[in-house]
Amino acid sequence: MRCFESLFLFVVCCPPAEHIFDEELQACPPEVRHLRREQPACCGEPHFDRHEFLRQQMALLGLGPDGSTAFSDTDVHGRAEIIYFLERFLLDFDIWSIEAWQYLALATIHDVGLQLDAWNQQWLAGLPTDLPAFLERAKQLSRRMGEAFFRMESLQQFLIATKAIDAKILYSDVNLKEVEREMRGPLVWYQEGVGGRNMLQFEAIPLLDSWIKRSHPPHFTTTANSTATRVEAGEEEVTLLVLSLGNFAKAGFVTLWSLLKRRTSPIRVFVLCDESGCSSFQAAVEELLSNPSVPKDFFWKVSFDYIDFAANQRFLDFKSAYPRACDVNEIGWALLARIVCHELLPITVSKAIALDLGDVFVLDDIASLWAEFENFEDETLLAAPWVGALNHVNGGVVLYHLERMRQKSFTSSVLEAASLAVARGGDCIHD
């Protein structure tokens, strides 16, 4: 029954389509290519159990659904191949295979755990001479661990959804204990991995970053009140957009603190505020600047621009055009100011990342999120996380392509959408 010697041969020689051109089987070695045609059972029809084949192959590779592994500590390439083959199995054969998803989650998180162990051994043995490269490797590992955790969390959501569909019950009525039992293997590695990522994020990366900055001091330090940051040739400035209302700016500074600790790029922060919000934010920044425990280079190449949206004529014009039937409070107007930020920020600013202060904790270099603008389609104006379980767009982190929003008359679209919502008796735009 076992026609192919490896999962690799199985995947490349048995694509799912019933009718296939020979050219599409070029990766399948000629000596076994005939099996698809002469022995259909080898590719899963009519008697071959693909999932049994998957289990056999994973056992041979040292991967068990109970969380047991026999992965080679040094064979990074081999582990990457296993992960790739599992991804292809899901994409090409059975996207609904719970077993394959479990194997994939386990393989991913165990692989990155082994990579972290190797990095940690270097860390404990003594710092290498190339600190920037060592730091960059730590950041890459942190991102990989984040991806592995996301895959684990996606597996959990997938299991909950499939159980809800099978039992014809609500998503919220699924017994989470049953889901936990099915995740017992990957969950072991997930729990161990959390401690490893915490070590990277909160100990190793900040410490290495501090050492590197001390050994390579900046050429200059800008003051937090400057209206423009000197950006050197080859550097790209990251533009942020935050809201500040009333006298509560300090409560949200955990977001700004976590971001500045990990950033490698010049930062320009636009603060959309009312009169008291502007004063409160400026006072909070000044307090940080005067605090002797804050590193002197903490605000290196950071500038703040304050925009009192409540007194801004362009925003006043927008308010006058907004449907009067919409009941908008002070916070609602602030959120709307952020939505039409392309009207309020200088015309020279083409992109911005909006962050909710206090609700967001930044665990990676903000430059990696800024790079997502490169993945925008030609017509994309903005991007935000989609929370499928809540059927809701999370406005806590939004990427705004301001230049395109101006070109596409986005303000008119906002006003039109609000008018249509009123006409349908629905909720006006507020987030």
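The values are calculated or read from the model by the stated rules, or taken from the named source; none is laboratory data. In this text the structure is predicted, and so the values were computed from the model without any measurement. Note: ideal-geometry Cβ built from the backbone for every residue, glycine included; neighbour counts use all protein chains shown. Side chains are part of the model used for accessible areas, which takes the heavy atoms of the whole protein and leaves out ligands, DNA and RNA. Shrake-Rupley method; radii C 1.70, N 1.55, O 1.52, S 1.80 Å.
Scanning for something at pLDDT 85 or above, of a type in the set (S, T, N, Q) and closer than 19 Å to Arg262 by Cβ, does the stretch 141-159 turn up at least one residue?
Yes, the conditions are met somewhere in the stretch 141-159.
Does Phe248 satisfy being open to solvent by 60 Å² or more (accessible area, probe 1.4 Å), modelled with pLDDT under 90 and either of a type in the set (Phe, Trp, Tyr) or in contact with a Leu (Cβ under 9 Å, 6 or more places away or on another chain) (or both)?
Yes.
Among the numbered conditions (1) in contact with a helix residue (DSSP H, G or I) (Cβ under 8 Å, 6 or more places away or on another chain); (2) surrounded by 12 or more Cβ atoms within 10 Å (Cβ to Cβ); (3) not basic (Lys, Arg), tell me where Trp96 comes up short.
(2)
Mind checking which helices (runs of 4 or more DSSP H) fall wholly inside the stretch 247-355 and carry at least 3 residues that are closer than 19 Å to Gly396 by Cβ?
253-262, 330-339
Kindly indicate whether any position in the stretch 295-302 is of a type in the set (Lys, Arg) and at positive phi.
The answer is yes, given that some residue of the stretch 295-302 is of a type in the set (Lys, Arg) and at positive phi.
Please go through (1) assigned to a helix (DSSP H, G or I); (2) modelled with pLDDT of 80 or more; (3) open to solvent by 70 Å² or more (accessible area, probe 1.4 Å) for Trp211 and return the number of the only condition it doesn't satisfy.
The single condition Trp211 does not satisfy is (2).
List the number of the failed condition for Val179; all other conditions in (1) β-branched (Val, Ile, Thr); (2) open to solvent by 70 Å² or more (accessible area, probe 1.4 Å); (3) in contact with a Lys or Arg (Cβ under 8 Å, 6 or more places away or on another chain) hold.
(2)
Yes or no: the stretch 375-395 includes at least one residue that is open to solvent by 50 Å² or more (accessible area, probe 1.4 Å), touching a strand residue (DSSP E or B) at 6+ places or on another chain (Cβ under 8 Å) and within 30 Å of Pro206 (Cβ to Cβ).
Yes, the conditions are met somewhere in the stretch 375-395.
Go over the candidates Ala138, Ala148, Ala164, Ala107 one by one and state the one that is more than 24 Å from Glu192 (Cα to Cα), part of a helix (DSSP H, G or I) and not hydroxyl-bearing (Ser, Thr, Tyr).
It is Ala164.
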